[in-house]
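The values are calculated or read from the model by the stated rules, or taken from the named source; none is laboratory data. Bear in mind the structure is a predicted one, so any value in this text is a computation, not a measurement. In this analysis, Cβ positions are derived from the backbone assuming ideal geometry, glycine residues included, and neighbour counts consider all displayed protein chains.
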Amino acid sequence: MLGVDFIFLVNSCPLFFWPPFLIKPLLLMCTVIMGCHYKEKLGSRLRKLRIQNGISQESLADMIGVNQSTIARIESGRANIQLQHLPLICRCFGIGIPDFLEINAEDKK
């Protein structure tokens, strides 16, 4: 589904440096990969990572500068992750954006 060059770019880019002009197309590509339920899938991924790392919704909200209710809405699939928050969320978990979005070379099939 995705070109090999795109997969290489996503997987080789430094973990936390993703300028906004790259994040938006990446999220759009994510919608293609995940289908129409991407908000629910990203919310579920956020919840899973937060619980695995023992971080409360309140703590995560404080780390990225939003309200706890925003985290709850994202996790339930009722809100989108804002572009400016995505790198901050990934930094909280020590992962890169591709890892958060679960994009890897297998997606090109």
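Residue-wise test of (1) surrounded by 13 or more Cβ atoms within 10 Å (Cβ to Cβ); (2) touching a helix residue (DSSP H, G or I) at 6+ places or on another chain (Cβ under 8 Å); (3) at pLDDT 95 or above; (4) not β-branched (V, I, T).
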{"position": "V32", "(1), (2), (3), (4)": "no, no, no, no"}
{"position": "C36", "(1), (2), (3), (4)": "no, no, no, yes"}
{"position": "K41", "(1), (2), (3), (4)": "yes, yes, no, yes"}
{"position": "I51", "(1), (2), (3), (4)": "no, no, yes, no"}
{"position": "Q57", "(1), (2), (3), (4)": "yes, yes, yes, yes"}
{"position": "A72", "(1), (2), (3), (4)": "yes, yes, yes, yes"}
{"position": "N80", "(1), (2), (3), (4)": "yes, yes, no, yes"}
* Asked: Do we find a residue being out of contact with any Asp or Glu (no Cβ under 6 Å at 6 or more places or on another chain), outside any helix (DSSP H, G or I), among the basic types (K, R) and at pLDDT below 70 anywhere in the range 93-109?
  -> yes
* Structure fact -> Here the qualifying pairs (Cβ atoms under 9 Å; residues six or more apart or on different chains; first in the range 66-80 and assigned to a helix (DSSP H, G or I); second loosely packed, with under 15 Cβ neighbours inside 10 Å and among the charged types (D, E, K, R)) come out as Q68/E58; Q68/D62; I71/E58; A72/R78
